[in-house]
Amino acid sequence: MIGPGPARAIRRRWSWGSVRYRAVSKYYITTPIYYVKDAPHVGHAYTTVNADALARWHRLIGDDVFFLTGTDEHGQKVARAAEEQGLAPKAWTDQLAPRFASAWAELNIANDDFIRTTEPRHAGAVQHFLSQINDNGYIFKDTYRGLYCVSCEQYYGEDELVGGGLCPIHRTPVEHLEEENYFFRLSAFEQKLIDWYEANPTAVVPESKRNEALSFIKGGLRDISITRTSIDWGVRVPWDDRHVFYVWYDALINYLTAIGYGQDEGRFETWWPAVHHLIGKEIIRFHCVWWPAMCMAAGIEPPAHVQVHGWLLLGGEKMSNSSVNQIAPGDLVAEYGVDPVRYHLLRDIPLGSDGEFSAEGIVSRYNSDLANNLGNLLSRVATVVGSKCEGTGPAPSSDSRLASIAATVVAEATQAWNAGQPNLALEATWRLIRETNAELEKAEPWKAEPGPAVDSVLGSALEVLRIVSILVVPAMPASAEEIWRRIGLEGSPAEQRLPEAGIWGGYPGGRPVEKAAPLFPRRKV
Ligand code: MSP
């Protein structure tokens with residue numbers, strides 16, 4: 001979980017006789033919706049894989065999960081990209097949106113919905129939301145004169161530019177815009193936002209990003225222009241159809257459209273405001289300043305949680321559509337396999353920090369953690385069960401030293417996943433794997449005569465593999481299934497429920513253990 005809040009507040013434990021029940025929590029997680037300016041790259045995949053892993057974790061602990069991703073299809077940036085291809089914007093986005101969906105399928109992303117802002121359901125929600133804000137008196141008309149970066153789809157003040165008039169993110173020239181616009185009275189929300197952030201100290205994590213949002217608010221908020229007449233690629237303003245909404249204003253509302261805002265109040269209230277927005281650090285202002293103010297203006301609660309992450313860098317630069325340094329997720333999957341790519345993204349670039357992406361990084365993590373540790377544990381256990389136990393896995397022993405290490409690791413991994421820190425959760429999980437390999441090396445069951453001592457060591461290693469396959473479901477769902485199957489278990493690790501399934505002693509023994517090709521053969525850099 002990303003900080004405590006309403007979702008967690010409804011998670012209660014209570015007893016009725018000797019049976020303990022846990023109320024099901026709602027967990028609504030979103031990625032930013034990606035611009036369909038170009039094909040998806042590994043930077044987009046970074047957010048999506050993290051959101052998917054968090055969604056899978058919450059399913060494992062029994063939460064009711066709704067995981068949303070999608071595409072942001074309006075605005076000048078997309079319209080220009082289409083024009084460059086000689087296509088109408090809708091024809092262009094119809095080509096590009098499925099490429100995002102298929103990249104996510106290649107990465108084994110299990111989103112519950114995929115929203116496109118060009119869908120009719122979205123136009124309806126945007127118009128309803130903005131009409132509420134208009135009715136509440138927070139919209140007015142004026143002329144806008146300002147500097148605009150099309151790549152950011154954002155206005156900048158002179159003082160924010162770098163290098164003599166360049167956008168601070170893209171380092172490209174900004175454009176001068178002047179037109180009659182509708183404005184959102186953002187300035188009316190300065191104190192309300194400050195009060196809200198003070199009452200909700202973990203609404204934005206990490207804390208440094210919360211402070212960044214708060215100091216921007218405290219610096220004074222200017223009203224913002226929210227419509228355009230210079231382009232018509234957008235959602236029409238319901239009370240003045242010469243205008244379309246500014247792309248960011250339309251885009252943020254996707255988070256409401258997908259849960260039935262303005263259509264199905266019951267469904268909407270099920271998921272809102274206990275949402276977890278996972279975003280990159282360049283869009284804090286939109287999500288942590290504008291968006292909560294827009295919600296307040298429309299008369300709904302601001303989003304409960306925003307988790308901000310850093311950038312995936314290539315050669316020290318942010319991987320992005322506007323630069324040449326992009327890598328397609330599908331190319332990586334073809335080269336390294338889906339689970340190793342997911343594992344690397346989750347394990348090596350902690351949510352919240354920037355991280356350098358490199359082929360060497362993937363391969364060295366793959367060899368150390370997957371080939372030499374997890375894969376090696378599985379292979380050697382299967383081999384020795386084959387030679388000493390006729391291929392039938394023995395039951396674990398209750399007094400194994402590994403039992404207490406497993407209990408600590410399950411607790412630590414749980415805490416880390418709940419705090420939105422996949423790298424720490426995986427680090428803890430790998431400690432259990434390493435300890436088990438060390439235990440096997442000490443006991444050397446491959447040299448011993450078959451009997452109770454060998455059974456006890458192998459049974460405990462199989463129990464570790466059972467627990468590990470559950471703990472790695474969020475990161476490597478397909479590998480988790482394969483380990484589960486090879487050690488003779490029925491059903492699927494993803495169907496298990498924590499914390500119950502993490503308790504030592506669940507491996508039943510008497511199951512056929514399959515000796516097969518290495519799950520993660522070693523790779524050369
Ligand atoms: N369309 C807006 C978001 C609207 S949300 C209501 C947008 N789109 S984007 O295509 O530019 O995607 C931005 C997001 O993609 C980032 O916030 C981040 O989640 C992800 N990333 C894109 N490049 C990335 C990296 N190089 N590194 C990490 N995340 C990256 O902004």
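Of note:
- Some residue of the stretch 331-347 being touching a helix residue (DSSP H, G or I) at 6+ places or on another chain (Cβ under 8 Å), open to solvent by less than 30 Å² (accessible area, probe 1.4 Å), part of a loop (DSSP other than H, G, I, E, B) and within 12 Å of the ligand (Cβ to nearest atom): no
- All positions within the stretch 296-311 that are assigned to a loop (DSSP other than H, G, I, E, B), open to solvent by less than 50 Å² (accessible area, probe 1.4 Å) and near the ligand (Cβ under 9 Å from one of its atoms): Gly310
- Restricting attention to the stretch 435-452, the residues that are surrounded by 17 or more Cβ atoms within 10 Å (Cβ to Cβ), within 16 Å of Ala403 (Cβ to Cβ) and not polar (S, T, N, Q) add up to 3.
- Residues that are near the ligand (Cβ under 10 Å from one of its atoms), in a helix (DSSP H, G or I) and not acidic (Asp, Glu) within the stretch 280-289 comprise Lys281, Ile283, Ile284, Phe286, His287, listed in sequence order.
Yes or no, residue by residue, for (1) open to solvent by 20 Å² or more (accessible area, probe 1.4 Å); (2) assigned to a helix (DSSP H, G or I); (3) out of contact with any Ser or Thr (no Cβ under 7 Å at 6 or more places or on another chain); (4) on the phi > 0 side of the Ramachandran plot:
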site: Tyr366; (1), (2), (3), (4): no, yes, yes, no
site: Asn372; (1), (2), (3), (4): yes, yes, yes, no
site: Asn376; (1), (2), (3), (4): yes, yes, yes, no
site: Arg380; (1), (2), (3), (4): yes, yes, yes, no
site: Val384; (1), (2), (3), (4): no, yes, yes, no
site: Ala395; (1), (2), (3), (4): yes, no, yes, no
site: Ser404; (1), (2), (3), (4): yes, yes, yes, no
site: Ala407; (1), (2), (3), (4): yes, yes, yes, no
site: Gln415; (1), (2), (3), (4): yes, yes, yes, no
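- Total residues in the stretch 133-160, condition part of a helix (DSSP H, G or I) and surrounded by fewer than 15 Cβ atoms within 10 Å (Cβ to Cβ): 4
- Of all residues making up the stretch 28-67, the number that are part of a loop (DSSP other than H, G, I, E, B) and near the ligand (Cβ under 10 Å from one of its atoms): 8
- If the condition is being among the acidic types (Asp, Glu), more than 22 Å from Val385 (Cβ to Cβ) and touching a residue at least 60 places away in the same chain (Cβ under 8 Å), then the stretch 486-514 contributes no residue at all.
- The stretch 40-64 residues that are within 16 Å of Gly280 (Cβ to Cβ), paired with ones that are near the ligand (Cβ under 9 Å from one of its atoms) and of a type in the set (Gly, Ala, Ser) (beta carbon under 9 Å, 6 or more apart): His41/Ser320; Gly43/Gly280; Gly43/Ser320; Tyr46/Gly280; Tyr46/Gly355; Thr47/Gly280
- In the set (1) of a type in the set (A, V, I, L, M); (2) touching a residue at least 60 places away in the same chain (Cβ under 8 Å); (3) in a strand (DSSP E or B), Leu177 fails one condition alone, (2).
- The sole residue among Glu427, Glu514, Glu463 that is surrounded by fewer than 22 Cβ atoms within 10 Å (Cβ to Cβ), part of a helix (DSSP H, G or I) and at pLDDT 95 or above is Glu427.
- Any chance Glu190 is among the acidic types (Asp, Glu) and either modelled with pLDDT under 95 or within 16 Å of the ligand (Cβ to nearest atom) (or both): no
- Just one of the listed residues (Trp239, Trp233, Trp248) is under 13 Å from Pro32 (Cα atoms), at pLDDT below 95 and among the aromatic types (Phe, Trp, Tyr), namely Trp248.
- Test: residue in the stretch 263-270 that is of a type in the set (Lys, Arg), surrounded by fewer than 21 Cβ atoms within 10 Å (Cβ to Cβ) and at pLDDT 95 or above: yes
- Tally, over the stretch 210-262, of residues that are part of a helix (DSSP H, G or I), touching a Lys or Arg at 6+ places or on another chain (Cβ under 8 Å), open to solvent by less than 40 Å² (accessible area, probe 1.4 Å) and over 19 Å from Lys77 (Cα atoms): 2
Every residue, every condition in (1) touching a His at 6+ places or on another chain (Cβ under 8 Å); (2) farther than 30 Å from Ala188 by Cβ; (3) touching a residue at least 12 places away in the same chain (Cβ under 8 Å); (4) more than 13 Å from the ligand (Cβ to nearest atom), yes or no:
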residue	(1), (2), (3), (4)
His277	yes, no, yes, no
Leu313	no, yes, yes, no
Gly316	no, yes, yes, no
Pro329	yes, yes, yes, no
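- For the stretch 29-83, filtering for residues that are over 18 Å from His122 (Cβ atoms), in contact with a Pro (Cβ under 7 Å, 6 or more places away or on another chain), among the small types (Gly, Ala, Ser) and modelled with pLDDT under 95 leaves 1.
The values are calculated or read from the model by the stated rules, or taken from the named source; none is laboratory data. In this text the structure is predicted, and so the values were computed from the model without any measurement. Heads up, the Cβs are rebuilt from the backbone with ideal geometry, glycines too, and the neighbour counts pull from every protein chain shown. Heads up: the accessible areas ignore ligands, DNA and RNA and are worked out on the full protein's heavy atoms, side chains in. Shrake-Rupley method; radii C 1.70, N 1.55, O 1.52, S 1.80 Å.
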